[in-house]
1. Which one of these is open to solvent by 70 Å² or more (accessible area, probe 1.4 Å), of a type outside the set (Asp, Glu), over 29 Å from residue 58 (Cα atoms) and not in a loop (DSSP other than H, G, I, E, B): 450, 436, 391, 426?
2. Which of the strands (runs of 3 or more DSSP E) contained wholly in the stretch 73-183 include at least 2 residues that are at negative phi, of a type outside the set (A, V, I, L, M, F, W, C) and surrounded by fewer than 11 Cβ atoms within 10 Å (Cβ to Cβ)?
3. What do you reckon, is residue 53 surrounded by fewer than 16 Cβ atoms within 10 Å (Cβ to Cβ) and within 12 Å of the ligand (Cβ to nearest atom)?
4. Testing residue 359 on (1) free of Cβ contacts under 8 Å to residues at least 12 places away in the same chain; (2) in contact with a His (Cβ under 8 Å, 6 or more places away or on another chain), one condition comes back false. Which one is that?
5. At least 3 residues that are open to solvent by 30 Å² or more (accessible area, probe 1.4 Å) and closer than 27 Å to residue 8 by Cα in each: list the helices (runs of 4 or more DSSP H) lying fully within the stretch 264-357 that qualify.
6. For the stretch 209-238, what are the residues that are under 19 Å from residue 186 (Cβ atoms), more than 11 Å from the ligand (Cβ to nearest atom) and polar (S, T, N, Q)?
7. Which condition breaks for residue 200 when tested against (1) open to solvent by less than 10 Å² (accessible area, probe 1.4 Å); (2) within 11 Å of the ligand (Cβ to nearest atom)?
8. Can you find even one residue in the stretch 23-36 that is away from the ligand (no atom under 13 Å from the Cβ) and in a loop (DSSP other than H, G, I, E, B)?
Amino acid sequence: MSATDNKVRVRIAPSPTGDPHVGTAYIALFNYAFAKKYGGDFILRIEDTDQVRAKSSSEALILESLRWLGLEWDEGPDKGGPYGPYRQSERTAIYREHAEILLKKGHAYRCFCSNDRLTELRRQQRLQGLPTGYDRFCRSLGEGEVQARMAAGEGHVIRLMMPTEGVTKFVDEARGELEFENHRLDDQVLLKSDGFPTYHLANVVDDRLMRITHVIRAEEWISSTPKHVILYQAFGWPQPKWCHMPLLRNADRSKISKRKNPVSLSYYRRAGILPEALINFLGLMGWSFGNDVEVFTVKQMMEKFEFAGINLGGPVFDLVKLTWMNQTYMHKMDDSRFVSYLRDEIFSPSYLKALKPLVLERMSRFEQFVDHNGFFFSGALDYKNLEIIPKGKTPEELSLMLGQLVELLDELYDWHAPQIQALIEKHKDEIKWKPKDYFLTLRMIATGRKDSPPLFDTLAVLGREMVRFRIRDYVNHLASVTPLS
Ligand code: GLU
């Protein structure tokens, strides 16, 4: 074995399906700290095989956010590396080839079952109170029939032949040995009928081909790991080491979700959280530095990190604590960082330039700038002195309308005035609100004022994060002043 074979290689493998998530940064941080502690490599791989949900704008935001946090990768889609490509959609031939290998080895089979049959099967299983899963119908098809159906061009998937007896075990570095009964594991689809791989196949093949030595990922993937272990065995490959980090939780201990906490890294950046504070805070989640030390740098974390220090009790993503951490770092800033942060993040030239056409209209002296335009720079607004609920509408109706709007805006990645306008006009027409009611309400919520520069341009400049945050914040405010029925 050469020296490089021993090199620690870890990866973060986000799916680019939405906003860059704090959970991605949390897992990236632990991978990064572990890799750097051992002089290893940290790889960024984009798992974009879900063609319906994957978005290139989301990938770009993930890269930008991880870089903002200082979690720079050694190999990745933008910088290449010896085991590329690092975007799964560019590796489909590799997965097909590997599915064929498993077919040849007798560890996989072609399944021709239609969606209708699978739906009916699940319905029957539910009716009988049985666990739902594939009944392995095609596992016993003869080779002749398989060939004939393929020759006839019949669509099919490739499934992994799971062992039906015994147990699959693996050691989790944070939890010890875990054991799963094989008969409970479904014959997983590896390759879909469109020729795209599922998560399981692509993830295992890539981890192997990219020489990953330690898979450090979130707890939610534990149930996939026995399937991955079986895949490694089927290929005849040695397994990496496994470590599942405890899930981040909301204050009520439920799995962190955007309904209860902002989860987008872009939000925290926009809210003026310093990257070093967020990183330190994430480092406290699921791990302790020891001796009650709470404030530490990534470098200090790298020196101390051991799997043994992982705390399995669900870490709470506590915004009060994050704010305290941020304040601690703000007070530690030297003059030049203070100035450069304000200049680069809050009053950045690109933001000021975007504001120019919106604010000049209402200004005749620069001294008016701060007073007129505070809402472009602040976070939560004060709604006390505004009558926001339109005449003839109830708080419930308004809350419902805003809830729908936030959901729609969540999906709008092309954040420019014409696209925002099209989405909002469509929603207004669907719910049959008068333009004046809809637009004035939204203007007041987004800006805290009755008069502001043109609405859609203002929303465009404020950014997705701030607009969504303010709408949610207002809905909470509404619920607190008029308890909704
Ligand atoms: N694509 C998966 C995700 O979105 C990767 C999970 C893993 O690390 O194996 O997190």
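1. Checking each option against the conditions leaves just 436.
2. Correct list: 176-181.
3. yes
4. (1)
5. Numbers: elements: 265-270, 275-284, 298-304, 319-332, 335-341.
It comes to 298-304.
6. Across the stretch 209-238, the qualifying residues are 223, 233.
7. The single condition residue 200 does not satisfy is (1).
8. no
The values are calculated or read from the model by the stated rules, or taken from the named source; none is laboratory data. Everything numeric in this text was worked out from a predicted model, so none of it was measured. Every residue, glycine among them, receives a Cβ derived from its backbone with ideal geometry; neighbour counts consider all protein chains shown. In case anyone asks, the SASA skips ligands and DNA or RNA and just uses the protein heavy atoms, side chains included. Shrake-Rupley method; radii C 1.70, N 1.55, O 1.52, S 1.80 Å.
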